[in-house]
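The values are calculated or read from the model by the stated rules, or taken from the named source; none is laboratory data. Because the structure is predicted, anything quoted here is derived from the model rather than measured. Here Cβ is always computed from backbone atoms with ideal geometry, including for glycine, and neighbour counts include all displayed protein chains. For the accessible areas, the whole protein counts, side chains as well, though only heavy atoms, and no ligand, DNA or RNA atoms are used. Shrake-Rupley method; radii C 1.70, N 1.55, O 1.52, S 1.80 Å.
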Amino acid sequence: MSTSQPASENPRTDHASPDDVTERAGVPADHGTKVASMFDGIAGRYDLMNLVMTWGQEPRFVRRTVERAELPDSPVVLDLATGTGDIALEVLRSRYGARITGADFAPEMMEVGRNRPGGGQIDWVEADAMDLPFEDNTFDAVTHGYLLRNVADIPTTLAEQFRVLKPGGRMVALETSPAPDNIIKPFSTAYIKYVVPQISRLITRTPDAYEYLSATSRGFKTPAQIQALLEDVGFEDVGHETHLFGTLAIHWATKPL
């Protein structure tokens, strides 16, 4: 698949390969390749599955994520793990003159997004989130949905976002969270562990992918742990809000001026 040029006029040329990054992180070198292949395999049904898994609330969460970005007029935005472009297209709808780069390592997912209404106004770039091919201080905002649970090294991924943000720029992320310890936990855990893979059998015919996604959701870091990682990288004004009985969170943070 051909890709458009990144938003930066001077993309980095010294970045390491994804395999080098995963090997340094102590993760099998083919981790990124396997995850990308998995997402490409469900590209045509990914949006429908997200809608079903969130009980029809995914569009509301996407809108809320963009609201939390507090975008300026005519912003320059990087949407990582852009997939089929839900967040990128919402930025396009909400901010006149926005320049948006959608980056992902799954080209077939981006091909679906490219063919959606408005997809031609987005720059689609095949890139690894742990080693971004963009210059420092390039973007007013970095957004992403369901990225962090799929990367081999979260601190490296967040550090890259910090690097490419302009001072004062915002990072906003939509992520799953492990069910909190409350009366709802047995039900929400059972839904993610057992119901979601069964639904995927009917919709995507690739249940293995959603068994993986179910497992990574249950074993993912808590919002408090993500907040600490953001602060460790150097972000300030870090916060989050939870939805779906605590099993989904929107995180935000600002790069200091």
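For the range 82-133, filtering for residues that are of a type outside the set (Asp, Glu), under 20 Å from Val151 (Cα atoms) and part of a loop (DSSP other than H, G, I, E, B) leaves 11. Reported count of residues in the range 135-181, each being more than 19 Å from Ala69 (Cα to Cα) and surrounded by 23 or more Cβ atoms within 10 Å (Cβ to Cβ), is 2. When you check Pro59 against the structure, is it part of a loop (DSSP other than H, G, I, E, B) and either farther than 20 Å from Phe134 by Cα or touching a helix residue (DSSP H, G or I) at 6+ places or on another chain (Cβ under 7 Å) (or both), yes or no? No; evaluated as a whole, the condition is false for this residue.
Of all residues in the range 92-124, those being open to solvent by less than 10 Å² (accessible area, probe 1.4 Å) and over 14 Å from the mean Cα position of the chain (by Cα) number 5. No other residue among Leu213, Leu257, Leu230 is under 17 Å from the mean Cα position of the chain (by Cα), modelled with pLDDT of 65 or more and either open to solvent by 20 Å² or more (accessible area, probe 1.4 Å) or not β-branched (Val, Ile, Thr) (or both) apart from Leu230. Of all the criteria given as (1) aromatic (Phe, Trp, Tyr); (2) in contact with a Gly (Cβ under 7 Å, 6 or more places away or on another chain); (3) modelled with pLDDT of 95 or more, the one not satisfied by Phe105 is (3). For the range 92-142, a tally of residues being among the aromatic types (Phe, Trp, Tyr) and more than 24 Å from Leu158 (Cβ to Cβ) returns 1. For the range 139-156, a tally of residues being farther than 13 Å from Asp79 by Cα and assigned to a loop (DSSP other than H, G, I, E, B) returns 3. Cβ separations smaller than 7 Å between residues 6+ apart or across chains give the following pairs from the range 231-257 residues that are without any contact (Cβ under 8 Å) to a residue 60 or more places away in the chain to residues that are of a type in the set (S, T, N, Q) and in a strand (DSSP E or B): Glu236/Thr254; Asp237/Thr254.
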